[in-house]
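Since the structure comes first, as structure tokens, the remarks are kept for the end.
The values are calculated or read from the model by the stated rules, or taken from the named source; none is laboratory data. Here the structure is a predicted model, which is why all the values come from computation and not from measurement. Heads up, the Cβs are rebuilt from the backbone with ideal geometry, glycines too, and the neighbour counts pull from every protein chain shown.
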Amino acid sequence: MRIYLMGFMSCGKSTLGKILSKSLNMPYVDIDHQIELIYNQPIQEIFLKGEEYFRLCEREALLKTIENYENAIIACGGGTPCFHNNMETIKNTGKSFYIKTQPNTLLQRLSKTHNQRPLFKNLPKEQWLNKIYELLELREPFYKQAHYIIDGEHNTLERILQCLHYDSDFKK
């Protein structure tokens, strides 16, 4: 079973994915890391070629991950579900979790990693919260198609494990 973690950048997908990987004894795969491996370049450099190019690279990384991992915890990039029919692919190949996190929490977390985020790197800090709201408005219709919506503020790991425990399709 593939378990997809999705949500806005800095919602905790990578941190949670690594913990889930250990807890469930399943490999952990980060789509952004897969992109860097496939293209042998950091995300920031790939993104310089344009967002559409990056999204095509992201699609390829998602498909290769599905091809190479029958069972894995997969942390999607913040935009992964929103482009090139990826959400349908995700829903058809595993269980998906939207880690829903409040914009002010995202703002706090982004302040620590904004230089690594192409959509925020050159944006003045006073515009970050507006950008978060703008992107959430575009992305949430995709995120909300996930099998489960989990509160990214409290007891996230426990809630995911609880959902998997009661999910008849999940096989440990």
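Pro81 fulfils the conditions (1) surrounded by fewer than 22 Cβ atoms within 10 Å (Cβ to Cβ); (2) assigned to a helix (DSSP H, G or I); (3) touching a residue at least 60 places away in the same chain (Cβ under 8 Å) except for a single criterion, (1). Counting the residues of the range 10-22 that are over 26 Å from Leu135 (Cα atoms) and either in contact with a Ser or Thr (Cβ under 6 Å, 6 or more places away or on another chain) or surrounded by 14 or more Cβ atoms within 10 Å (Cβ to Cβ) (or both) gives 3. Evaluation of Ile73 against the conditions (1) under 20 Å from Thr113 (Cα atoms); (2) modelled with pLDDT of 95 or more; (3) touching a Ser or Thr at 6+ places or on another chain (Cβ under 7 Å); (4) not in a helix (DSSP H, G or I) shows that the sole unmet condition is (1). Restricting Leu135, Leu129, Leu157 to those that are of a type outside the set (Asp, Glu), surrounded by 15 or more Cβ atoms within 10 Å (Cβ to Cβ) and out of contact with any strand residue (DSSP E or B) (no Cβ under 6 Å at 6 or more places or on another chain) reduces the list to Leu135. Tallying residues that are part of a helix (DSSP H, G or I), in contact (Cβ under 8 Å) with a residue 12 or more places away in the chain and over 11 Å from the mean Cα position of the chain (by Cα) within the range 19-36 yields 7.
Tell me, please, whether a residue that is within 14 Å of the chain's Cα centre (by Cα) and of a type in the set (Gly, Ala, Ser) can be found in the range 44-56. Checking the range 44-56: not a single residue is within 14 Å of the chain's Cα centre (by Cα) and of a type in the set (Gly, Ala, Ser). The lone criterion from (1) under 16 Å from Gln34 (Cβ atoms); (2) free of Cβ contacts under 8 Å to residues at least 40 places away in the same chain left unmet by Ile73 is number (2).
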